[in-house]
1. Within the range 177-186, is even one residue in a loop (DSSP other than H, G, I, E, B), away from the ligand (no atom under 15 Å from the Cβ), of a type outside the set (Phe, Trp, Tyr) and touching a residue at least 12 places away in the same chain (Cβ under 8 Å)?
2. Any idea which of (1) surrounded by 15 or more Cβ atoms within 10 Å (Cβ to Cβ); (2) hydrophobic (A, V, I, L, M, F, W, C); (3) more than 14 Å from the chain's Cα centre (by Cα) is the one Ala202 doesn't satisfy?
3. Would you mind stating whether Glu166 is within 12 Å of the ligand (Cβ to nearest atom), more than 17 Å from the chain's Cα centre (by Cα) and on the phi < 0 side of the Ramachandran plot?
4. Can we say Gln8 is under 29 Å from Trp221 (Cβ atoms), of a type outside the set (A, V, I, L, M, F, W, C), more than 13 Å from the chain's Cα centre (by Cα) and more than 15 Å from the ligand (Cβ to nearest atom)?
5. Across the range 68-80, which residue is farthest from the ligand (Cβ to nearest atom) among those that are farther than 15 Å from Thr41 by Cβ and not hydrophobic (A, V, I, L, M, F, W, C)?
6. Does the range 55-72 hold any residues that are more than 23 Å from Ala25 (Cα to Cα) and among the basic types (Lys, Arg), and which are they?
Amino acid sequence: MNRYDSRQALMTAMAGTVAGQLGKALDAQPFATLAVPGGTTPAPFLTALSTAPLDWSRVRVMLTDERFVPESSDRSNTRLLRGTLLQNAAAAATMIPFYMPGDTPEDVLGELTAGIALALPLDVCVLGMGADMHTASIFPGADLLTEALAVDAPPLLPMRAPGAPEPRLTLTAPVLSAARNLHVLIQGEDKAEALDHARAAASTAEAPIRIALDAGATVHWAA
Ligand SMILES: O=C1O[C@H](COP(=O)(O)O)[C@@H](O)[C@H](O)[C@H]1O
């Protein structure tokens, strides 16, 4: 685990690491795809990354997961992304939609999946983790947990879980594991403890963050 002296140092270093990996991808190929988490942790990292001197017009940005709420909701990860990463130099990036209006996630699953599938594989993926060891929106006890962990899972699945107040849409294990550069961005003692629990967990179903750990992700943490 990479430990940083402060949360600010963590966020600044993460932005530099991700920008460097995107730059390398852009040197080798016409487009690069970045996936980033939502939630309460990544805003300073995303804001710092927005000023990186990259050819952002060749970068596709998507979320790792989204709550099924409109962008007007302060629980919208899409809203977070627009207010942090998709400004400054990074305003030129292409955002791959993770939300469309509908009565249920199933109503828009096909259309969203088509857009996401075109942008895969992920060149750089940054994951968050909840204190319950969920990552993206793959929660312990979720209704489609087994399906999301399957090696032949579709790229995107709807997800409902006891710990999640609204339905979700999430990238699945095979997409996350196949990322060319995979990171976990966490802060706080509770997350360090959760990570220790995950490492000792009997199964990925019990601790979905094991998707990333077992795929060799680099964990970045500050107290
Ligand atoms: O609900 C979510 O939770 C996780 C962790 O979020 P945090 O607030 O504890 O940082 C996040 O990675 C995920 O993208 C988000 O939808």
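The values are calculated or read from the model by the stated rules, or taken from the named source; none is laboratory data. Since the model is a prediction, treat every value here as computed from it, not as a measurement. Here the Cβ positions follow ideal geometry from the backbone for every residue, glycine too, while neighbour counts run over all protein chains shown.
1. The answer is yes; a qualifying residue exists.
2. Result: Ala202 passes all but (1).
3. yes
4. yes
5. Among them, the one singled out is Ser72.
6. Selection gives Arg67 alone.
For (1) surrounded by fewer than 24 Cβ atoms within 10 Å (Cβ to Cβ); (2) more than 19 Å from Ala179 (Cα to Cα), each residue gets a yes or a no:
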| residue | (1), (2) |
| --- | --- |
| Ala15 | yes, no |
| Gly23 | yes, no |
| Gln29 | yes, no |
| Val36 | no, no |
| Ala43 | yes, yes |
| Pro53 | yes, yes |
| Ser57 | yes, yes |
| Ser72 | yes, yes |
| Arg75 | yes, yes |
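Here's the yes/no breakdown for (1) in contact with an Asp or Glu (Cβ under 8 Å, 6 or more places away or on another chain); (2) surrounded by 24 or more Cβ atoms within 10 Å (Cβ to Cβ); (3) at pLDDT below 95; (4) more than 24 Å from Asp107 (Cβ to Cβ):
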| residue | (1), (2), (3), (4) |
| --- | --- |
| Pro121 | no, no, no, yes |
| Pro154 | no, no, no, no |
| Met159 | yes, yes, no, no |
| Arg168 | yes, yes, no, no |
| Ala179 | yes, yes, no, yes |
| Leu182 | no, no, no, yes |
| Asp196 | no, no, no, yes |
| Gly216 | no, no, no, yes |
| Ala223 | yes, no, no, yes |
